[in-house]
Amino acid sequence: MDETWNSSDKFNREAAQWDENKGRRALAHAVAEAIIAAAKPHNGMLALEFGCGTGLITMEIAPHAGTVLAVDTSSAMLAVLDEKIRTSGVTSIVTTSIDISSQQFTDSHELSFDLIYSSMTLHHISDTAAFLNQLSTLLAPGGMIAIADLDREDGLFHDDPLEKLYHGFERSELAAMIEAAGLQKTTFETAYIFDKQNREGKITAYPVFLVTAQKPVS
Ligand SMILES: C[S@@+](CC[C@H](N)C(=O)[O-])C[C@H]1O[C@@H](n2cnc3c(N)ncnc32)[C@H](O)[C@@H]1O
């Protein structure tokens with residue numbers, strides 16, 4: 001990943017207060033419910049969340065899945081999740097601090113995942129098409145991606161105008177990249193509408209999609 005896109009400093013600074021944001025918690029809850037409804041996780045599944053942050057989504061998915069590998073570049077975000085795991089007694093979540101888009105991750109994980117899910121992280125990864133190809137190789141035959149992110153936005157969602165990220169995605173462009181990565185049955189739904197005070201101080205409705213797609217069985 002291009003170094004300038006690696007925003008772990010910012011997320012390390014924000015980690016301790018991350019869960020205090022009510023809107024963020026509501027978004028994560030809606031996305032987790034949408035993932036559960038769409039992917040129907042079960043205890044035979046090996047799942048991966050990339051950009052898990054403090055585990056707002058994974059703490060809801062884990063009771064429905066088998067083992068969950070929760071990956072993030074921010075060690076401070078993962079420390080919050082590790083504390084939740086410790087106090088809740090959940091034993092099925094394994095956390096790892098690594099750049100999910102790195103070759104190092106692919107090389108060190110020869111596992112095939114039945115489900116790869118994420119929320120609000122895809123826009124932080126520089127080469128979307130290459131990354132979707134990578135996810136496709138990490139999926140088991142018949143495995144599914146379930147990725148939530150912003151629809152193309154006005155560029156004012158994030159507070160820092162200099163932060164390297166995508167201003168959401170056009171669904172048709174993302175669908176084309178997903179299918180070029182060899183996945184099928186691409187389906188979009190609107191998982192949540194995030195009413196957020198944007199960088200210019202205006203309360204604005206930002207729709208968040210959930211896209212699912214499957215790797216062919218053979
Ligand atoms: C906007 S936050 C979302 C966190 C969490 N999914 C949530 O909904 O609360 C994006 C997260 O992705 C992580 N992240 C960004 N780029 C990453 C990468 N290349 N590999 C792994 N994690 C990454 C950040 O550290 C951050 O925790």
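With R₀ fixed at 35 Å, the C-beta to C-beta distance from residue 40 to residue 13 puts the FRET efficiency at about 0.45. Look at 49, 173 and count the other Cβ atoms within 10 Å of each Cβ; fewest to most, that gives 173, 49.
Backbone amide hydrogens, once placed in the peptide plane, bring residue 192 within less than 5 Å of 208, excluding anything fewer than 5 places away on its chain. A simple charge model with +1 on the Cβ of Lys and Arg, -1 on the Cβ of Asp and Glu and nothing else charged puts the dipole of the stretch 3-214 at about 460 debye relative to its Cα centre. Positive contributions from Lys and Arg (+1) and negative ones from Asp and Glu (-1), summed over other residues with Cβ under 15 Å from the Cβ of residue 59, come out at -3.
Counting lysine pairs in the stretch 3-214 whose alpha carbons fall under 30 angstrom apart, excluding pairs fewer than 8 residues apart on the same chain, gives 17. Residues 60, 163, ranked from the fewest to the most other C-beta atoms within 10 Å, line up as 163, 60.
Hydrophobic, long helices, defined as DSSP H runs whose alpha-carbon span along the helix axis is 20 Å or greater and whose mean Kyte-Doolittle value is at least 0.0, occur in the chain at 22-39.
Neighbour counts of other Cβ atoms within 10 Å put 177, 59 in the fewest-to-most order 177, 59. For the stretch 92-104, putting each phi into the Karplus relation 6.51 cos²θ - 1.76 cosθ + 1.60 with θ = phi - 60° gives couplings of 9, 10, 10, 9, 9, 9, 7, 6, 4, 8, 7, 4, 4 Hz, in residue order, rounded to whole numbers and with x for Gly and Pro.
DSSP assigns beta bridges within the chain; of those with both partners inside it, close to 45 percent run antiparallel. Across 23, 55, 66, mean-square fluctuation computed from a Gaussian network of the chain (C-alpha pairs under 10 Å connected) peaks at 23. Between the amide H of residue 49 and those of 69, 70, 71, 117, distances stay under 5 Å, these residues lying 5 or more places away or on another chain, with hydrogens modeled in the peptide plane.
Computed from phi, the 3J(HN,Hα) profile of the stretch 181-187 under the Karplus parametrisation 6.51, -1.76, 1.60 (θ = phi - 60°) reads 7, x, 9, 10, 6, 5, 9 Hz, with x in place of Gly and Pro. Largest first and in whole Å, the equivalent-ellipsoid semi-axes of the chain read 24, 21, 17, each the square root of five times a Cα gyration tensor eigenvalue. For the chain, modelled as a GNM whose springs connect Cα atoms under 10 angstrom apart, the maximal fluctuation among 92, 112, 172 occurs at 172. Entry note, the chain: relative contact order of 20 percent, from Cα contacts under 8 Å with a spacing of 6+ residues. In this structure, the amide hydrogen of residue 113, modeled 1.01 Å from its nitrogen in the peptide plane, lies closer than 5 angstrom to those of 139, 140, counting only residues at least 5 positions away or on a different chain. Highest GNM mean-square fluctuation among 54, 190, 73, for the chain modelled with Cα contacts below 10 Å: 190. Between the stretch 159-189 and the stretch 1-79, the C-alpha centres lie 18 angstrom from each other.
Throughout, read-outs are computed from the coordinates displayed, never taken from laboratory work. Since the model is a prediction, treat every value here as computed from it, not as a measurement. Counting neighbours? That spans all protein chains shown, and the Cβs are built from the backbone with ideal geometry, glycine included.
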